[in-house]
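Student: Got a structure here, written out as structure tokens. Questions coming.
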Amino acid sequence: MQIEKIIKKITIKDVAKDADVSVAAVSKVIRSAYGVSPSLKEKVEKSIKKLGYRPNTSARGMRGKTFTIGVLIVNLGNAYLPKLLEKINATLSKSGYKMLIGLGQSELSIESSLIESMIDNNVDGLILVAPHLSDSALAQYAKQVPMAVIGHIENTATSFDTINGDDFLGARLATKALVEKGIKNIKMISQPLREFNKVDLNQERERGFLDTLSEANYSDVTEKLIFRASNNEDELKKELALFLDEQTLPCAIFCWSDIHAIPLLDECIKRQLTPQKDVFIIGYDNTPLASYSMVNLSSIDQQAEQQGELAANALLERIKGRVAPKHLLVEPSLISRNSH
């Protein structure tokens with residue numbers, strides 16, 4: 001299991017102390033100032049390398065606010081993100097702020113590097129969307145800059161705000177709608193388990209799914225009812241085909257996201273399976289493609305625009321000095337179409 005290493009942010013004073021020189025001397029080396037001796041340069045650069053110091057490129061102390069907000073997203077493949085980002089941008093723009101977007105690619109090292117670069121460039125705040133970082137890592141960064149996090153289940157955090165859809169409720173709405181169809185074979189398609197599992201929003205969706213089946217007196221309600229599919233497009237197609245091969249029809253399926261629900265529906269149509277007869281499918285996110293007549297996918301709408309506005313406003317409040325944490329839940333709704 002990968003262990004995330006959190007270290008204290010190294011300052012120019014730490015470098016000066018390690019090199020046994022003045023802060024002014026370190027500053028001269030960093031700026032390649034005239035008159036720096038080779039020996040001084042070597043000594044300071046050795047300490048910089050040893051401590052992992054990254055010079056502050058924006059000199060916030062001299063320039064004040066930068067009126068930029070760093071926004072970290074996982075990737076560009078989730079159609080839920082455009083509405084979210086548009087609303088964040090529109091809300092920030094009203095207060096004179098601009099977004100600086102980074103793609104974390106679901107990799108801890110990339111996420112950390114991007115956040116640190118944003119901090120080094122003196123963004124006035126951070127909005128993180130479904131980060132893969134641990135709660136301790138997020139708390140460490142929140143000590144350095146105001147922060148709001150979307151898609152991270154941690155209502156005990158004190159140093160940053162969280163804004164989430166009510167994923168437990170959303171899963172209950174979807175599962176209840178499938179139960180009401182009278183189908184006995186009900187499954188869920190979810191993602192592979194993440195390293196920092198307890199803060200993963202999918203855990204809430206899975207919990208809502210299993211809880212609703214138990215409440216409806218379904219037998220043998222265990223995690224065996226949850227099929228974990230890859231996020232890799234090529235692998236996903238193969239895995240969904242194998243999943244359908246093993247199902248007894250009629251089958252009802254709740255998908256953690258439209259990202260999996262739409263390819264699943266496509267595979268069903270290729271097999272000439274009829275929605276609302278052979279298969280009953282509900283996705284999550286209510287992405288624009290779900291509403292197309294050729295798709296017609298029932299899906300949970302988690303109100304992306306509302307989440308974006310709440311996150312931006314929460315961050316602006318923190319920038320203005322609010323310290324007390326806010327943990328906000330947005331109520332989702334089921335958009336019923338012809339797939340279930």
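The values are calculated or read from the model by the stated rules, or taken from the named source; none is laboratory data. Here the structure is a predicted model, which means the values were calculated and not measured. So basically every Cβ, Gly included, is an ideal-geometry build from the backbone, and we count neighbours across all protein chains shown.
Student: Scan segment 171-195 residue by residue and report those that are out of contact with any helix residue (DSSP H, G or I) (no Cβ under 7 Å at 6 or more places or on another chain), closer than 30 Å to LEU128 by Cβ and assigned to a helix (DSSP H, G or I).
Tutor: LEU173, ALA174, listed by residue number.
Student: Which members of segment 27-44 meet the condition of being at pLDDT below 85, farther than 19 Å from SER117 by Cα, aliphatic (A, V, I, L, M) and surrounded by 12 or more Cβ atoms within 10 Å (Cβ to Cβ)? Write out each step before concluding.
Tutor: Restricting attention to segment 27-44, the residues satisfying the condition of being at pLDDT below 85 are 27-36.
Right, trim to farther than 19 Å from SER117 by Cα and you get 27-29, 32-36.
Remaining after also requiring aliphatic (A, V, I, L, M): 29, 33, 36.
Listed by number, the residues that qualify are VAL29, VAL36.
Student: Looking for something modelled with pLDDT under 85, among the acidic types (Asp, Glu) and under 38 Å from the mean Cα position of the chain (by Cα) - is there at least one such residue anywhere in segment 6-20?
Tutor: no
Student: Is one or more of the residues making up segment 301-316 more than 21 Å from the chain's Cα centre (by Cα), among the charged types (D, E, K, R) and surrounded by fewer than 17 Cβ atoms within 10 Å (Cβ to Cβ)? Walk me through how you get there before you give the answer.
Tutor: Within segment 301-316, the first condition is being more than 21 Å from the chain's Cα centre (by Cα), and the residues that meet it are none.
The answer is no, given that none of the residues of segment 301-316 is more than 21 Å from the chain's Cα centre (by Cα), among the charged types (D, E, K, R) and surrounded by fewer than 17 Cβ atoms within 10 Å (Cβ to Cβ).
Student: Related question: Going through segment 82-128 one residue at a time, which ones are touching a residue at least 60 places away in the same chain (Cβ under 8 Å) and basic (Lys, Arg)?
Tutor: LYS83, LYS87
Student: Only one of ILE269, ILE259 is surrounded by fewer than 18 Cβ atoms within 10 Å (Cβ to Cβ) and not in a loop (DSSP other than H, G, I, E, B). Can you tell me which?
Tutor: ILE269
Student: State whether one or more residues within segment 152-161 are of a type in the set (Asp, Glu) and either assigned by TED's automatic domain parsing to the domain that holds ASN121 or touching a Lys or Arg at 6+ places or on another chain (Cβ under 8 Å) (or both). Spell out the reasoning first.
Tutor: Kept after step one, since they are of a type in the set (Asp, Glu), are these residues of segment 152-161: 154, 161.
Narrowing the set further to residues that are either assigned by TED's automatic domain parsing to the domain that holds ASN121 or touching a Lys or Arg at 6+ places or on another chain (Cβ under 8 Å) (or both) leaves 154, 161.
Yes, segment 152-161 has at least one match.
Student: Going by the structure shown, is GLY283 at negative phi, at pLDDT 95 or above and assigned to a helix (DSSP H, G or I)?
Tutor: no
Student: Look at segment 269-292 and say how many of its residues are free of Cβ contacts under 8 Å to residues at least 12 places away in the same chain and closer than 22 Å to LEU81 by Cα. Give the steps one after another, and end with the answer.
Tutor: First, the residues of segment 269-292 that are free of Cβ contacts under 8 Å to residues at least 12 places away in the same chain: 269-270, 272, 274, 292.
Those still in the list that are closer than 22 Å to LEU81 by Cα too: 292.
Final tally of qualifying residues: 1.
Student: Given the criterion modelled with pLDDT under 95, surrounded by 18 or more Cβ atoms within 10 Å (Cβ to Cβ) and closer than 30 Å to ILE115 by Cβ, identify the matching residue among GLY165, GLY170.
Tutor: Details: GLY170 fails: modelled with pLDDT under 95.
It is GLY165.
Student: Every residue in segment 175-210 that is aliphatic (A, V, I, L, M), under 22 Å from the mean Cα position of the chain (by Cα) and modelled with pLDDT of 90 or more, please. Let's see the steps before the verdict.
Tutor: Taking segment 175-210 as the starting set, the residues that turn out to be aliphatic (A, V, I, L, M) are 177-179, 183, 186, 188-189, 193, 199, 201, 210.
Filter once more, keeping what is under 22 Å from the mean Cα position of the chain (by Cα): 188-189, 193, 199, 201.
Listed by number, the residues that qualify are MET188, ILE189.
Student: Return only the number of the condition from (1) farther than 21 Å from ILE153 by Cα; (2) in contact with a helix residue (DSSP H, G or I) (Cβ under 7 Å, 6 or more places away or on another chain); (3) not in a strand (DSSP E or B) that LEU242 does not satisfy.
Tutor: That leaves (2) as the condition not met.
Student: Could I ask something else about it? Do you know which residues across segment 106-130 are assigned to a loop (DSSP other than H, G, I, E, B) and either modelled with pLDDT of 90 or more or of a type in the set (Ser, Thr, Tyr) (or both)?
Tutor: Of segment 106-130, the ones assigned to a loop (DSSP other than H, G, I, E, B) are 106-107, 121-124, 130.
SER106, VAL123, ASP124, listed by residue number.
Student: State all residues of segment 286-330 that are charged (D, E, K, R) and assigned to a loop (DSSP other than H, G, I, E, B); if no residue qualifies, say none. Don't jump to the end; show me each part of the working.
Tutor: Our first condition is that a residue be charged (D, E, K, R); within segment 286-330, this holds for 301, 305, 309, 317-318, 320, 322, 326.
Selection gives LYS320, ARG322, LYS326.
Student: Taking segment 206-256, which residues are surrounded by fewer than 17 Cβ atoms within 10 Å (Cβ to Cβ) and of a type in the set (A, V, I, L, M, F, W, C)?
Tutor: Correct list: ALA216, ALA241, LEU242, LEU249.
Student: Could you check segment 45-91 and list, in sequence order, the residues that are over 28 Å from ALA130 (Cβ atoms) and at pLDDT 80 or above?
Tutor: If the condition is that a residue be over 28 Å from ALA130 (Cβ atoms) and at pLDDT 80 or above, then GLU45, LYS46, SER47, ILE48, LYS49, LYS50, LEU51, TYR53 are the ones that fit.
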